[in-house]
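The values are calculated or read from the model by the stated rules, or taken from the named source; none is laboratory data. Here the structure is a predicted model, which is why all the values come from computation and not from measurement. Cβ coordinates were reconstructed from backbone atoms using ideal geometry, including for glycine residues, and neighbour counts include every protein chain displayed. For the accessible areas, the whole protein counts, side chains as well, though only heavy atoms, and no ligand, DNA or RNA atoms are used. Shrake-Rupley method; radii C 1.70, N 1.55, O 1.52, S 1.80 Å.
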Protein chains: 2
Amino acid sequence: MRVGDRDLRTIWADGDRVAVIDQTRLPHALEIRHWRQLDDTVAGIRDMVVRGAPLIGVAGAYGLALALRADAGEASLDAAGAALLAARPTAVNLRWAIERVRAAVIKLPRAARADAAWDEAGRMADEDASTCAAIGRHGLALLNETAAAKGRVEVLTHCNAGWLATVDWGTALAPIYAAHRTGLDVHVWVDETRPRNQGASLTAWELQQEGIPHTVIVDNAGGHLMQRGRIDLVLVGSDRTTATGDVCNKIGTYLKALAAHDNGVRFYAALPASTIDFRLREGRAIPIEERGAEEVTHVTGADSEGALRTVRVVPAGARAANWAFDVTPSRLVTGLVTERGICPASETGIRGLFPDLVEAAAE
Amino acid sequence: MRVGDRDLRTIWADGDRVAVIDQTRLPHALEIRHWRQLDDTVAGIRDMVVRGAPLIGVAGAYGLALALRADAGEASLDAAGAALLAARPTAVNLRWAIERVRAAVIKLPRAARADAAWDEAGRMADEDASTCAAIGRHGLALLNETAAAKGRVEVLTHCNAGWLATVDWGTALAPIYAAHRTGLDVHVWVDETRPRNQGASLTAWELQQEGIPHTVIVDNAGGHLMQRGRIDLVLVGSDRTTATGDVCNKIGTYLKALAAHDNGVRFYAALPASTIDFRLREGRAIPIEERGAEEVTHVTGADSEGALRTVRVVPAGARAANWAFDVTPSRLVTGLVTERGICPASETGIRGLFPDLVEAAAE
């Protein structure tokens with residue numbers, strides 16, 4: 001996507017190095033990191049230089065390729081996979097990516113493995129970009145409906161489900177990018193998304209770079225805006241969706257879904273099929289990650305000289321708790337926007353779009 | 001209330017000076033300011049050294065007394081009133097307080113006016129403390145019910161409706177203080193309350209000083225906690241309540257009311273009768289103050305050396321919007337906790353407790 005006068009992805013092959021945008025510096029600085037060896041990749045994933053499930057998967061695949069370049073033996077491959085998994089133990093996509101690269105190289109002669117892994121990582125990146133572009137095309141229909149009726153569209157989004165969370169295009173923001181490029185008059189309300197402020201930092205930065213009109217609001221404000229008729233459509237991402245359409249996403253998503261329901265505003269989750277857990281029937285069964293309290297008690301930003309600083313916003317010694325996700329029950333979700341189209345957030349709806357995957361999961 | 005080993009109010013007469021806690025320094029430092037003349041009071045109200053509708057009213061009354069001490073003429077009184085109103089133009093209590101002091105002194109000889117105003121301000125402070133203590137006694141019943149059933153109570157509160165917003169005791173926190181002092185096992189979930197963080201800074205500090213167990217959470221987290229059965233009762237304040245029970249309060253209150261309703265959790269607003277607008281029938285008619293975008297784009301806190309610093313959390317040049325309040329429709333409010341008791345959030349309920357005030361407003 002656009003960054004200044006360039007077109008960038010979040011991750012790409014740069015000669016024999018892996019290049020990534022350092023997301024810990026955004027929105028205050030655009031810095032590219034280069035990974036030459038496995039350790040660079042492990043540190044980058046652990047320290048959230050790259051984040052977002054799809055992106056972490058591709059980063060892990062490249063990490064394996066770097067490891068195989070140094071030592072193409074099976075022991076090296078296994079150790080690299082273990083080191084990557086330990087960097088973000090809860091990232092499901094990381095395990096999937098590691099298994100896919102392993103399957104692609106394990107039967108090859110040693111001398112061919114590193115190049116094969118490198119190519120496989122590149123294919124995974126391209127596939128992710130295609131998937132997100134398809135989500136954008138399908139979701140565009142939702143924005144077109146409103147634009148046809150009133151000439152413009154006001155979308156609310158929560159957290160960052162943009163291209164920075166994927167390789168390119170994003171999920172929830174993909175339809176917005178597609179709409180903007182077809183000339184639609186679209187304005188985005190950006191939830192700042194405490195505690196990590198991914199909306200205020202990453203989503204606002206993405207939209208600014210693409211030249212899409214947007215306004216940052218606190219997470220508290222979305223309900224009021226819906227009451228006053230200022231939001232036509234809510235579009236969010238998903239970290240995990242059940243086979244019955246319950247949507248697990250960034251903490252606070254549930255509150256926006258309640259407000260949308262109370263005000264007759266359409267609420268969609270945009271997600272690739274890889275996010276659907278076809279074996280899971282109840283959102284309540286999803287374990288919710290509890291993260292460090294310092295994400296709540298401290299805030300990082302740029303001071304007046306542009307230097308990054310961290311400040312404490314609670315009394316010294318205050319206790320805080322930090323759940324990362326919540327679950328929005330399917331009854332509050334108007335629909336799911338996927339790479340195969342839009343479906344109701346229900347078992348029947350999901351089965352209609354993904355009969356093959358439902359069947360595979362049942363085996 | 002307790003502050004370290006002392007008992008403090010937010011405002012008090014200290015010899016011939018007015019003493020106030022400087023709320024712009026909390027929770028990072030406890031500093032007492034002394035006002036000797038009207039200008040000190042005007043600056044203190046304007047710069048939010050004191051905030052909270054009841055407290056601002058009492059501060060204004062003391063400001064008039066200070067002005068009359070310098071010049072007890074009518075022109076001085078009028079000029080002082082105008083200067084105070086200009087300091088916080090939207091504070092309804094300020095106008096009420098100024099009119100009350102004026103009525104108390106205008107017929108007196110000049111030499112007696114300053115002392116009479118000083119005494120009237122002191123009475124208003126005592127009355128506010130009594131009103132809040134009564135809210136605490138009535139609200140205590142709600143906590144006792146839950147404690148009787150399960151041995152402990154988990155309360156969620158939003159913003160700061162504690163003693164720092166009043167003279168003493170507070171509104172939403174008054175029942176919690178009453179409960180704690182009767183030995184009830186109570187734990188408070190404290191919404192940080194972006195954008196000004198009154199929960200993270202003021203409410204957490206109040207509870208810490210009183211030794212009441214509490215946990216700060218982001219505003220996004222309350223819905224998840226209710227889904228998981230971790231909240232028994234939501235208690236919030238109100239800036240303005242309609243004659244029909246719609247509650248205008250800090251932005252984000254509506255989202256918590258929706259979550260409470262969706263999960264069968266009781267949701268109460270605690271407020272003095274002076275907050276009820278007996279002439280207003282529709283919450284939607286309440287104009288919502290829009291404040292400066294920098295409250296959203298910038299965050300102030302203490303750095304590692306304890307110095308206050310402000311950091312920017314959005315990209316340079318990002319646009320933000322900042323509505324200060326929202327309106328929770330009465331259908332989502334279980335009841336109102338007032339100094340005369342608890343009533344349903346409805347026209348009938350309010351009339352039952354305040355027939356005299358309803359009648360007076362109808363004239």
Cα→Cβ-extended label distance, 7 Å offset, between A:LYS107 and B:ALA29, nm: 7.1 nm
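Provide a whole-number value for the mean count of partner chain Cβ atoms within 10 Å of the Cβ atoms in peptide A:224-234. Don't skip to the answer; put the middle values down first.
Details: counts 11, 3, 2, 8, 5, 0, 1, 0, 0, 0, 0.
The shielding value for this peptide is 3.
Taking the alpha carbon gyration tensor of region B:144-255, what are the square roots of 5 times its eigenvalues, largest first, to the nearest whole Å? Could you put the intermediate results ahead of the total?
Values: eigenvalues 79, 55, 46 Å².
Square roots of five times the eigenvalues give 20, 17, 15 Å.
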Chain B: most fluctuating residue of B:GLY317, B:GLY229, B:GLY301 per GNM, C-alpha cutoff 10 Å: B:GLY317
Accessible area per residue in Å² at 1.4 Å probe, computed on chain B: 37 Å²
Calculated [θ] (222 nm, deg cm²/dmol) that DSSP helices of n ≥ 4 give over chain B, each run adding -39,500 (n - 2.57): -12500 deg cm²/dmol
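Can you list which of the GluC sites (Glu not before Pro) found in region A:297-350 are DSSP loop residues with at most 14 other C-beta atoms within 10 Å?
Numbers: sites: A:GLU305, A:GLU339, A:GLU347; in loops: A:GLU305, A:GLU339.
When the GluC sites (Glu not before Pro) of region A:297-350 are filtered for loop state and at most 14 Cβ neighbours within 10 Å, A:GLU305 remain.
Semi-axes, largest first, in whole Å: what does sqrt of 5 times each Cα gyration tensor eigenvalue give for chain B? All intermediate terms of the calculation are to be shown ahead of the outcome.
Details: eigenvalues 207, 122, 85 Å².
Ellipsoid half-lengths, sorted descending, are 32, 25, 21 Å.
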Principal-axis tilt of helix B:74-87 within chain B, Cα atoms, nearest 10 degrees: 30 degrees
Simple spin-label estimate for B:MET48 and A:TRP96 in nanometres, 7 Å along Cα-Cβ: 4.4 nm
Value of D in µm² per second that Stokes-Einstein yields for region B:29-91, Kirkwood Rh from Cα pairs, at 37 °C (0.692 mPa s): 280 µm²/s
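So, R0 is 45 Å and r is the distance between the beta-carbons of A:ALA82 and A:ALA362; what FRET efficiency does that work out to, to 0.05?
Numbers: r = 31 Å, r/R0 = 0.68.
With a Förster radius of 45 Å, E is 0.90.
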Among B:ARG309, B:ARG123, B:ARG340: highest mean-square fluctuation, GNM of chain B, C-alpha pairs under 10 Å: B:ARG309
Karplus (6.51, -1.76, 1.60) ³J(HN,Hα), θ = phi - 60°, over region A:190-207, in Hz, Gly and Pro reported as x: 10, 4, 5, 6, 5, x, 8, 6, 5, x, 4, 8, 7, 5, 4, 5, 4, 5
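Only Lys, Arg, Asp and Glu count, each charged at its Cβ (+1, +1, -1, -1), so figure out the dipole size of chain A about its Cα centre, rounded to 20 debye. Kindly include the intermediate steps, with their values, before the conclusion.
Values: 40 positive and 46 negative charges, 85 e Å.
Roughly 400 debye, rounded to the nearest 20.
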Inter-copy separations for B:LEU308, label at 7 Å along Cα-Cβ, nm, ascending: 2.6
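Provide the buried accessible surface between chains A and B in square angstrom, both chains summed, 1.4 Å probe, rounded to the nearest 100.
On the way: alone 15970 and 15980 Å², together 26820 Å².
It comes to approximately 5100 Å² buried between A and B.
What average number of partner chain Cβ atoms lie no more than 10 Å from the Cβ of the residues making up B:255-264?
Details: counts 14, 4, 3, 10, 5, 0, 2, 9, 1, 0.
Taking the mean over all residues of the peptide, I get 5.
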Listing of region B:306-321 residues, each with accessible area lower by at least 20 Å² in the full protein assembly than in the chain alone (probe 1.4 Å): B:ARG309, B:VAL311, B:ARG312, B:VAL313, B:VAL314, B:PRO315, B:ALA318, B:ARG319, B:ALA321
Dipole axis of chain A (+1 Lys, Arg; -1 Asp, Glu on Cβ), positive-most option in A:ILE286, A:GLY122, A:ALA67: A:ILE286
0 to 90° range, to nearest 10: angle between helix A:53-70 axis and chain A longest Cα axis: 10 degrees
Taking the convex hull of Cα positions in region A:84-198, its mean projected area over all directions (nm²): 9.0 nm²
Karplus 3J(HN,Hα) series, Hz, for region A:97-107 with 6.51 cos²θ - 1.76 cosθ + 1.60 (x for Gly, Pro): 5, 5, 5, 5, 5, 4, 4, 6, 10, 5, 8
Rounded tilt (10° steps) of A:110-150 against the dominant C-alpha axis of chain A: 10 degrees
Modelled label reach - B:ARG279, point 7 Å along Cα→Cβ, region B:347-361 residues with backbone N closer than 12 Å: B:361
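Just the number, please: percent antiparallel of the DSSP beta bridges in the protein assembly as shown, rounded to the nearest 5.
On the way: 52 of 94 bridges.
Antiparallel bridges make up about 55 percent of those DSSP assigns within the protein assembly as shown.
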Carbon and sulfur %, accessible surface of the protein assembly as shown computed with the full protein complex present, 1.4 Å: 48 percent
For the protein assembly as shown, diffusion coefficient by Stokes-Einstein and Kirkwood Rh (Cα), 4 °C, 1.567 mPa s, µm²/s: 47 µm²/s
Where labels lie 7 Å past Cα in the beta-carbon direction, separation of B:ARG319 and B:GLU294 in nm: 2.0 nm
Average beta carbon contacts from partner chains per residue of B:283-295, 10 Å cutoff: 1
Most fluctuating residue given options B:HIS34, B:HIS214, B:HIS224, as computed from a GNM of chain B linking Cα atoms under 10 Å: B:HIS224
